[in-house]
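The values are calculated or read from the model by the stated rules, or taken from the named source; none is laboratory data. Keep in mind the model is a prediction, meaning the values are calculated, not measured. Positions of Cβ are backbone-derived with ideal geometry, glycine not excepted, and every protein chain shown enters the neighbour counts. Just the protein is used for accessible areas: all its heavy atoms, side chains included, with ligands, DNA and RNA removed. Shrake-Rupley method; radii C 1.70, N 1.55, O 1.52, S 1.80 Å.
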Amino acid sequence: MRDRNNNIILTGFMGSGKTTAGIRLSYRLRLPLLDTDKWIEKEEGRTISEIFALQGEETFRKMETSALKILLELEGEQIISTGGGLPMREENRELLKKLGTVVFLRIKPETVYERLKGDNTRPLLKKADPMKEIRRLLELRNPVYQECADITVDVDGKDFEEIISEIIDRTGKNKETDHENTSH
């Protein structure tokens, strides 16, 4: 049985940097990265947009829960990047806590809008007033992200190096220090 607390799970709203932070953490800590959205797309053989269109959001949310249950059985330590809506189900929040240290990448609505305004793949931004929708969803989701999180990292005004360093410091995952300690 592995130590489940060794995984780092990144949660937060779209545009908060979960994917980019996950990639950089994976590289820096020399750990594999698993992105739940990409994993589901690979398993299902279609995009999340197609799953939503063909089977609906509820089916996709159940797929996320199934993915988390499978992850609990995997050996080894990893970085897990989640979809923005994954923590909204109570069952998923409980599973995330069992998987490891949950890091909430908190972002302001203005930053979300600035980062994603040119992204035509996001249904949220196809609304008449995308900023209003971003604010509405953040108001609903932020308390849930916060409830689920072991650590909250504010991402506004920080570059990814600062964000990654903060995550590493606050999770105690400094591999270089760990290697130095084991070599003495």
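Looking at the range 9-68, I'd like the Rg to Rh ratio, where Rg is from alpha-carbon atoms and Rh is Kirkwood's inverse mean 1/r.
Numbers: Rg = 12.8 Å, Rh = 12.6 Å.
Looking at the range 9-68, the ratio lands at 1.01.
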What are the residues whose amide H is under 5 Å from the amide H of ARG106, where those residues sit 5 or more places off or on another chain and H is modelled from the backbone? VAL153, ASP154, VAL155
Pairs LYS62/LYS158; LYS98/LYS132; LYS62/LYS173; LYS42/LYS97; LYS42/LYS173; LYS38/LYS97: which are spaced more than 27 Å apart, C-alpha to C-alpha? LYS62/LYS158; LYS98/LYS132; LYS62/LYS173; LYS42/LYS173
Per residue of the range 53-65, in order, report the coupling 6.51 cos²θ - 1.76 cosθ + 1.60 (Karplus, θ = phi - 60°) as ³J(HN,Hα) in whole Hz, putting x for Gly and Pro. 5, 8, 10, x, 5, 4, 4, 4, 5, 5, 5, 4, 4
To check my understanding: the extent here is largest minus smallest coordinate of the Cα atoms along each principal axis. What are those three numbers for the chain, in Å, largest first? 61, 36, 27
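If I take every Cα pair under 8 Å that is 6 or more residues apart in the chain, average their sequence separation and divide by the length, what percent do I get for the relative contact order? Intermediate values should be presented prior to the final figure.
Values: 244 pairs, mean separation 57.1, N = 184.
Reported relative contact order: 31 percent.
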Phi angles of the range 86-95, converted by Karplus (6.51 cos²θ - 1.76 cosθ + 1.60, θ = phi - 60°) into ³J(HN,Hα) in whole Hz with x for Gly and Pro, give 4, x, 5, 7, 4, 4, 5, 4, 5, 5
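Considering only protein heavy atoms and a 1.4 Å probe, what is the carbon-and-sulfur percentage of the accessible area of the chain?
Values: 4790 of 9960 Å².
Answer for the chain: carbon and sulfur cover 48 percent of the accessible area.
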Bin width 5 Å, alpha-carbon pairs only: give the P(r) of the range 52-143 as whole percents, running from 0 to the bin holding the largest distance. 2, 11, 20, 19, 19, 16, 9, 3, 0, 0
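Using +1 on the beta carbon of Lys and Arg, -1 on that of Asp and Glu, and nothing else charged, what's the dipole of the chain about the Cα centre, debye to 20? Kindly include the intermediate steps, with their values, before the conclusion.
Details: 31 positive and 34 negative charges, 76 e Å.
With Lys and Arg at +1 and Asp and Glu at -1, about 360 debye.
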